[in-house]
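Remarks on the structure that follows.
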Amino acid sequence: MKSGLQEIYDQHVIGNYKRYSVCLVRGEGSRVWDDEGNAYLDFFPGWGCGLVGHCPPRLVEAVQGQIARLIHVPNTWHTEPQGMLAKELASRTGWGGQSFFCNSGTEANEAAIKMARLHGGPGRFKILATLNSFHGRTYGALSATGQPKYHQGVEPMLPGFVHVRYGDLRAMEAAVDGETCAILVEPIQGEGGIHLPPPDYLKGLRNLADQHDLMLILDEVQSGMGRTGKWFAHQHWGIAPDCVTLAKGLGGGIAVGGLIAREEFACKLKPGTHAATFGGNPIACVAALATIQTIEEDGLLERAIHLGTRFRSRFESLKTRCGLIADIRVKGAMIGVELNRDGAEIVARCLEKKLLINCTHQTVLRLLPALNLSDADLDEGCDILESVLLECK
Ligand SMILES: *Cc1c(COP(=O)(O)O)cnc(C)c1O
């Protein structure tokens, strides 16, 4: 990194993130460049937001056109991009639904939590969630997050959240009482280490919600928008939730979050109950539309499945040669490789070799590659990762 910038950060930027001493200046597809001209292969573009790679051409063109026409107007007016985005989303759920837009994943979950409590009515306010989940950093979403380490020091949390083991249908059933209004789960736990649901889990949650008039909310902030090879991860398990929350890949890197809810739940957000000033702004919505168009026209749902298969076979063959790999969990382009050691050093060594990956929960290497990653780039990155893992064993 060129000199001076580190000091500016040290003096003027709050240190709530661990940052590598690399300054990125440009990106294209699955490559990014730093201010010294080094190129990196990116298997974790934009922390999962770069769903179709860095600076995807359709998105760049759409945003450049929109920003010169109309940047932002409040939600007291109609704009075409917001309407069209809601329509495109509804046509992909298989169960219709109406959308609300905001700017991030945590905000999307806040809106869902409010909707759930409005659905519950007086005295029914409890939301069942899972341990090891991640739903965001604002207080409602943070309270829903079943990880005490994120609560420490900033309690008290919002009341009314009950956490049970992920994948355990019986525990969920046992936790329902007369005050319960909703179930909130990630269909695939992301930040928690890429954990896939047991085969009948989501169907079981659907039944449970139906039996007790609970709103079934799926947090697809990480797993949604084609990441797993279907528009929404829950479609792999053939169920329809009452509400899905989205962000990360939705805008292809532009900040946009939102939820899609069935009409009988969506109607709970009447005028005055909820709002987001920047929510559904034209820039964000054309970016999301261009992301959807890119996925559609470039066949990237199929591509996500292909990437998953190819990554899995690379890691499975490596597992037989390298004692470090404990488990491999893959759904499309959502990839977790659990190690039986700490992963931070692996990530740092990959960075030295110009490959960007992530490690979550200390031991799980997490890859959320762009859906249009080429086979050649996949192999190049896997070669690097393989050499690092073999060096470290
Ligand atoms: C990242 C994430 C969030 C939070 O999204 P932000 O945009 O950072 O607020 C919520 N839920 C899941 C499943 C996530 O992966």
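Some points to look at:
- Complete set of residues in the stretch 1-60 that are farther than 28 Å from I384 by Cα, of a type in the set (D, E, K, R) and without any contact (Cβ under 8 Å) to a residue 60 or more places away in the chain: E7, D10
- Lone qualifier among P56, P81, P74, P45 - being within 16 Å of the ligand (Cβ to nearest atom) and farther than 30 Å from H163 by Cα: P45
- Complete set of residues in the stretch 350-378 that are in a helix (DSSP H, G or I) and either in contact with a strand residue (DSSP E or B) (Cβ under 9 Å, 6 or more places away or on another chain) or touching a residue at least 60 places away in the same chain (Cβ under 8 Å) (or both): C350, L351, D375, D377, L378
- When we screen K268, K354, K331 for residues that are within 17 Å of the chain's Cα centre (by Cα) and among the charged types (D, E, K, R), the only hit is K331.
- Matching entry among P199, P156 (being farther than 26 Å from E263 by Cα, within 24 Å of the chain's Cα centre (by Cα) and loosely packed, with under 14 Cβ neighbours inside 10 Å): P199
- Here the condition is being of a type in the set (A, V, I, L, M, F, W, C), under 23 Å from H212 (Cα atoms) and not in a helix (DSSP H, G or I); of W95, W77, it holds for W95 alone.
- Qualifying positions in the stretch 174-222 - among the acidic types (D, E), touching a Gly at 6+ places or on another chain (Cβ under 8 Å) and more than 16 Å from the ligand (Cβ to nearest atom): E179
- Residues that are within 12 Å of the ligand (Cβ to nearest atom), small (G, A, S) and either modelled with pLDDT under 95 or not in a loop (DSSP other than H, G, I, E, B) (or both) within the stretch 112-141 comprise A112, A129, G140, A141, listed in sequence order.
- Of all residue pairs spaced 6 or more apart or on separate chains, those with beta-carbon atoms under 6 Å, a first member in the stretch 123-143 that is assigned by TED's automatic domain parsing to the domain that holds L202 and a second member that is more than 14 Å from the ligand (Cβ to nearest atom) and of a type in the set (D, E, K, R) are R124/E179; F125/R117; K126/E179; L131/R165.
- For P81: the one exception among (1) in contact with a Pro (Cβ under 6 Å, 6 or more places away or on another chain); (2) closer than 25 Å to A348 by Cα: (2)
- Residue within the stretch 268-277 that is among the basic types (K, R), surrounded by fewer than 16 Cβ atoms within 10 Å (Cβ to Cβ) and not in a helix (DSSP H, G or I) present: yes
The values are calculated or read from the model by the stated rules, or taken from the named source; none is laboratory data. Here the structure is a predicted model, which is why all the values come from computation and not from measurement. Cβ sites come from the backbone with ideal geometry, for glycine too, and all protein chains shown count toward neighbours.
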